[in-house]
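Working notes, structure below.
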Amino acid sequence: HTHTHFIIILRLPYRTPAMAGGLFTVDRSWFHQLGTYDTDMEIWGGENVELSVRVWLCGGALEILPCSHVGHIFRSSMPYSFGKGKTYHTTVHKNFRRIVETWMDEYKPFFYESNPSLLQVPHGDVSERLALRERLQCKDFKWFLDTVYPQLKAVIPPVGDFTYGELAQGTRCLIATTSTTVGLGPCGNKQQGWVLTSNGKLKHKMQSCLHFDRNFYFSACKTDSNVGEYSFHHTPSGVVIQLSSVGECLKTMSTDSLAVGTCDEERALWTFSTLL
């Protein structure tokens with residue numbers, strides 16, 4: 001009886017946050033009521049994620065049926081043509097942006113902070129999809145994380161715990177000059193944004209943190225402590241970035257390099273502007 005009970009459990013449907021696009025089975029009338037596919041997405045890529053999220057947020061559920069099998073043979077090369085002047089990446093990235101701008105609400109910065117180059121990819125007009133969302137009275141993305149995919153929420157810092165933008169002095173901004181070093185360079189590059197976290201970390205491209213040990217350098221963000229190396233003091237004139245270990249502040253030199261020094265000098269004052 002135990003063996004039979006185990007087999008029955010394996011055959012029962014189970015819920016999933018998302019699934020591959022070619023495997024959906026859905027009632028036709030409800031699919032149309034739900035808004036079918038986003039027709040402004042192009043060719044291939046992301047439509048399964050968009051529909052999966054929409055199903056959950058707009059009153060449905062997504063289940064995997066273990067006893068339902070679909071065969072899929074991968075081709076040796078991409079069978080699609082993306083059109084003149086378009087590539088796989090520009091097409092898929094446009095589709096991803098449409099998902100993010102329609103459904104991710106206050107969680108959008110997490111996506112763009114880890115994929116900053118996508119901010120430069122046009123995604124078209126999503127007003128029609130936003131109107132559909134309102135008409136269907138769909139839930140927000142926080143509900144999706146809380147209810148459908150709490151495992152994902154566990155690796156995302158709380159909203160409001162960070163800001164993403166440029167750190168500038170005049171027309172020069174803090175940038176990564178190499179994969180391991182920092183300095184000043186031209187502003188306006190969205191791939192050179194910084195994350196200031198509430199627990200004192202200065203992050204670049206999600207995984208790298210700016211550290212100081214006689215010199216500034218990049219390396220993986222330390223995981224042995226939730227406390228970062230900096231204190232961010234927001235003043236009417238700008239942001240002062242203080243190194244907790246030495247009590248001095250991040251400042252610039254005339255050579256576009258960084259140093260630490262007293263916190264009350266002009267070269268220790270940064271202007272922070274968000275990129276999102």
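The values are calculated or read from the model by the stated rules, or taken from the named source; none is laboratory data. Owing to the predicted nature of the structure, the values given are computational and were not obtained by experimental measurement. Note that each Cβ is placed from the backbone with ideal geometry, even for glycine, and that neighbours are counted across all protein chains shown. Surface accessibility is based on the protein's heavy atoms, side chains included, excluding ligands, DNA and RNA. Shrake-Rupley method; radii C 1.70, N 1.55, O 1.52, S 1.80 Å.
Tabulated values for the structure
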| item | result |
| --- | --- |
| Residue within the stretch 104-124 that is crowded, with 16+ Cβ neighbours inside 10 Å, in contact with a Ser or Thr (Cβ under 9 Å, 6 or more places away or on another chain) and either closer than 20 Å to residue 53 by Cα or acidic (Asp, Glu) (or both) present | yes |
| Single condition residue 99 does not satisfy, out of (1) open to solvent by less than 70 Å² (accessible area, probe 1.4 Å); (2) over 24 Å from residue 131 (Cβ atoms); (3) touching a residue at least 40 places away in the same chain (Cβ under 8 Å) | (2) |
| Selected residue (criterion: farthest from residue 37 (Cα to Cα)) from residues of the stretch 77-136 that are among the acidic types (Asp, Glu) and in a helix (DSSP H, G or I) | 113 |
| Where residue 29 falls short, out of the listed (1) exposed (fewer than 11 other Cβ atoms within 10 Å of the Cβ); (2) at pLDDT below 90 | (2) |
| Among residues of the stretch 245-259, those that are of a type in the set (Ser, Thr, Tyr) and at pLDDT 85 or above, counted | 1 |
| Filter result (at pLDDT 85 or above and either in contact with a His (Cβ under 8 Å, 6 or more places away or on another chain) or open to solvent by 50 Å² or more (accessible area, probe 1.4 Å) (or both)) within the stretch 218-233 | 233 |
| Whichever residue in the stretch 63-78 is within 29 Å of the chain's Cα centre (by Cα) and not β-branched (Val, Ile, Thr) and, among such residues, is most open to solvent (accessible area, probe 1.4 Å) | 74 |
| Any pair with Cβ under 6 angstrom, 6 or more apart, that starts in the stretch 58-77 at a residue that is without any contact (Cβ under 8 Å) to a residue 60 or more places away in the chain and ends at one that is part of a loop (DSSP other than H, G, I, E, B) and among the small types (Gly, Ala, Ser) | none |
| Test: residue in the stretch 147-167 that is modelled with pLDDT under 85, under 16 Å from the mean Cα position of the chain (by Cα), at positive phi and open to solvent by 40 Å² or more (accessible area, probe 1.4 Å) | yes |
| Count - residues of the stretch 79-96 that are open to solvent by 50 Å² or more (accessible area, probe 1.4 Å) and among the hydrophobic types (A, V, I, L, M, F, W, C) | 1 |
